[in-house]
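One structure is given here, and the rest of the page talks about it.
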Amino acid sequence: MNQMIFVNLPVKDLEKSKAFWSKLGYSFNPRFTDENGACLVFSDTIFAMLLTESRFKDFTQKDIADAATSTEVILALSAESREKVDELTDAALASGGSPANETQDHGFMYGRSFQDPDHHIWEVMWMDPKAVEGE
């Protein structure tokens, strides 16, 4: 069985977060989605649990970081081409996201980033397959 990852993120407005990701073409697993959280599906093995802050607090004794003023994590998504990087990032910005960092273009690697409505930073990256294989 392939190992899976579930990234847990606190959100201030669950419906707003679900609408944002839906506009980007992603879906939610209804078995793990209710009024307190939504299971955002990136692939068969990668998920983000978007949890209301009160539900998120059930899993930690620490304060919830305010992503509008501090960064605890930067999440990176791969893309199959430079065009897909632009497509996803442009869709995020048009759907209520905000810019995060400058575009990075190293020829063999290209990336852009955005902040979701809760200010979590997402990087979208493409790398030339030849560079990945070490050619």
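The residues of the stretch 93-120 that are crowded, with 18+ Cβ neighbours inside 10 Å, touching a residue at least 24 places away in the same chain (Cβ under 8 Å), within 14 Å of residue 75 (Cα to Cα) and of a type outside the set (S, T, N, Q), listed by number, are 111, 112, 114, 116, 118, 120. Looking only at residues of the stretch 5-57 that are in contact (Cβ under 8 Å) with a residue 24 or more places away in the chain and among the hydroxyl-bearing types (Ser, Thr, Tyr), we find that the one that is nearest to residue 121 (Cα to Cα) is 17.
Please state which of the following conditions residue 2 fails to meet, knowing it meets all the rest: (1) of a type outside the set (Gly, Ala, Ser); (2) exposed (fewer than 14 other Cβ atoms within 10 Å of the Cβ); (3) in contact (Cβ under 8 Å) with a residue 12 or more places away in the chain; (4) part of a strand (DSSP E or B). Failing condition for residue 2: (4). All of (1) closer than 18 Å to residue 23 by Cα; (2) not assigned by TED's automatic domain parsing to the domain that holds residue 9 hold for residue 48 with one exception: (2). Against the definition (of a type in the set (Asp, Glu) and at pLDDT 95 or above), how does residue 72 come out, yes or no? No; evaluated as a whole, the condition is false for this residue. Examine the stretch 73-81 for a residue that is in contact with a helix residue (DSSP H, G or I) (Cβ under 7 Å, 6 or more places away or on another chain) and outside the structural domain of residue 51 (by TED's automatic domain parsing), and state whether such a residue exists. Checked the stretch 73-81: at least one residue is in contact with a helix residue (DSSP H, G or I) (Cβ under 7 Å, 6 or more places away or on another chain) and outside the structural domain of residue 51 (by TED's automatic domain parsing).
Applying the selection to the stretch 47-79, what residues are surrounded by 14 or more Cβ atoms within 10 Å (Cβ to Cβ) and under 14 Å from the mean Cα position of the chain (by Cα)? Once the filter is applied, which keeps residues that are surrounded by 14 or more Cβ atoms within 10 Å (Cβ to Cβ) and under 14 Å from the mean Cα position of the chain (by Cα), the stretch 47-79 yields 47, 48, 49, 50, 51, 67, 75, 77, 78, 79. The stretch 35-135 holds helices (runs of 4 or more DSSP H) entirely within its bounds, and those carrying 3 or more residues that are within 19 Å of residue 13 (Cα to Cα) map to 53-56, 82-94.
The values are calculated or read from the model by the stated rules, or taken from the named source; none is laboratory data. Note that the structure is predicted; figures quoted are calculated from it, not measured. Neighbour counts are summed over all protein chains in view; Cβ atoms, including those assigned to glycine, are modelled from backbone coordinates with ideal geometry.
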